[in-house]
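One structure is given here, and the rest of the page talks about it.
The values are calculated or read from the model by the stated rules, or taken from the named source; none is laboratory data. Just so you know, these numbers come straight off a predicted model, no measurement behind them. For neighbour counting, all protein chains shown are included, and Cβ atoms are generated from backbone atoms with ideal geometry for every residue, glycine included. Remember, those area values only see protein heavy atoms, side chains included, never the ligands or the DNA or RNA. Shrake-Rupley method; radii C 1.70, N 1.55, O 1.52, S 1.80 Å.
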Amino acid sequence: MATSAIICLLLGIPMRRLGVRLRIMDVPNRRSSHSTPIPRMGGVAIVLAMIFTMALLGKPNPALLVAMAFGALVSIISFIDDAVSLSSVLRLLVHLGAACVSIYLIRLHVTGFALPFVTISLPSWVGFGVAVLFVAGFVNFFNFMDGINGSAAMQGIVGGATLSVLLALNGAGNSAMVAAALVGGCIGFLPYNFPRAVMFLGDMGATTIGFTLAMMTLIGTRKYPWIACVLPLGLFIYDAVFTICKRLLRGENVLNPHREFHFHLLIRCGWSHVRVTSLQVGLMLLCSAASLTYAWVDNSMVRLIVLLAVLAMLVTYSIFVHRYFARHEKKEEPHPAPTPVPEPADVAAP
């Protein structure tokens, strides 16, 4: 973890400068939470940090290596998308293809759902489909939720650390090391993105973190109940699913860009990025604590109480955010004209 963090931290400055030189920038629009162009090269630093760390310290088995290679394909396509903007259909096909091959090679079919007091078994082909949809879906959910300073990196740190602990105690040392390398990369990237952003993850970073977390979740389900492994990612999954359902009930096209996620609503009420991300981190930590409790306490009643407590917490979060938004929404002024993308010589080190 420390190795990955140091490598990513050191790579941050040259990656930021390279982003400006290649003009791989996030130019603000009316949906943005920033007002000046920001380089989108943080994901490159994280991916390189993970690769170097695994090369130095890791000896993953052949199947995991191939799965990591297909994860790298997701990263490469996302990097190209950061640079030239690709079709959303093409990106989704790559996500589905990478998920299919990786899940098949590592035998990560979902065999069933172990719920408190009941277990639902799934046929192999259904379990395979569920696993593929989970990975591809979470990759996109994570990308959607990467919208404010520090939020996505903190989900990578908190969720990745929890999964790394579960995997290590499960005897899946190679997978635990991958998760730890991801955590280290996110830690190394965080100073460039929080509290003030001088670099963004970009699609490459968001999809890489999302793909890695989703795969580690499936590996964890080999020993632990499905819910225990999903809970560390619960906040992002809940926010994405809740917002999609809300927009469907309104009759809106869920494929159209929007500013309706919980964090969007708080930002639109005047909350700072630091304040919103801090709230999210608190919820992430509670979800991770629930995950560890659910995994280690083999008692159906305790697990039911944990699950209901998490659901109550997330529903309370939704009620608070939407009621607060109804009372405190600030009238949005026209977004200022985008600041011209700076020349490389104008970029200072963070």
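For Leu115, the residues whose amide H sits under 5 Å from its own are Ile120, ignoring neighbours fewer than 5 places away on the same chain, with H placed 1.01 Å from N.
What size of dipole, in debye to the nearest 20, comes out for the chain about its Cα centre when the only charges are +1 on Lys and Arg C-beta atoms and -1 on Asp and Glu C-beta atoms?
Working: 24 positive and 14 negative charges, 59 e Å.
Rounded to the nearest 20 debye, it is 280 debye.
Net charge around Ala131, counting only other residues with Cβ within less than 13 Å of its Cβ (Lys, Arg = +1; Asp, Glu = -1)? Provide the component values of the computation, followed by the final result.
Values: positive: Arg107, Arg222; negative: none.
Overall, the nearby charge balance is +2.
What is segment 197-242 by shape, rounded, prolate or oblate, if you read a ≥ b ≥ c off the alpha carbon gyration tensor as root eigenvalues and call it rounded for a/c under 1.5, prolate for a/b larger than b/c, and oblate otherwise?
Values: a/c = 3.18, a/b = 1.72, b/c = 1.85.
Oblate, because a/c is 1.5 or more while a/b does not exceed b/c.
When the accessible area of segment 79-175 is split by element with a 1.4 Å probe, what percent falls to carbon and sulfur? Carbon and sulfur atoms account for 70 percent of the accessible area of segment 79-175.
For a test of the definition: using alpha carbon positions, the gyration tensor, and the 1.5 limit on a/c, classify the chain as rounded, prolate or oblate. Kindly include the intermediate steps, with their values, before the conclusion.
Working: a/c = 1.66, a/b = 1.20, b/c = 1.39.
Oblate, since a/c reaches 1.5 and b/c is not below a/b.
A cut-off under 12 angstrom between Cβ atoms defines the neighbours of Ile209, and their net charge, with Lys, Arg +1 and Asp, Glu -1, is -2.
Placing unit charges on the Cβ atoms of the charged side chains and taking the dipole of the chain about its Cα centre, the candidate lying farthest along the positive direction among Ile80, Leu133, Ser102 is Leu133. In the chain, the DSSP-assigned H stretches of four residues or longer account for a calculated mean residue ellipticity at 222 nm of -23000 deg cm²/dmol, using -39500 (n - 2.57) per stretch and the full residue count as denominator.
How would segment 174-263 be classified by its alpha-carbon gyration tensor: rounded, prolate or oblate, with rounded meaning a/c under 1.5 and the a/b versus b/c comparison settling the rest?
On the way: a/c = 2.55, a/b = 1.22, b/c = 2.09.
It is oblate, given that a/c is not under 1.5 and a/b is not larger than b/c.
Other residues lying with their Cβ under 14 Å from the Cβ of Asn193 contribute a combined charge of +1, Lys and Arg counting +1, Asp and Glu -1.
Distance between the C-alpha centers of segment 244-273 and segment 118-183? Whole Å please. Comparing the Cα centres of segment 244-273 and segment 118-183, I get a distance of 24 Å.
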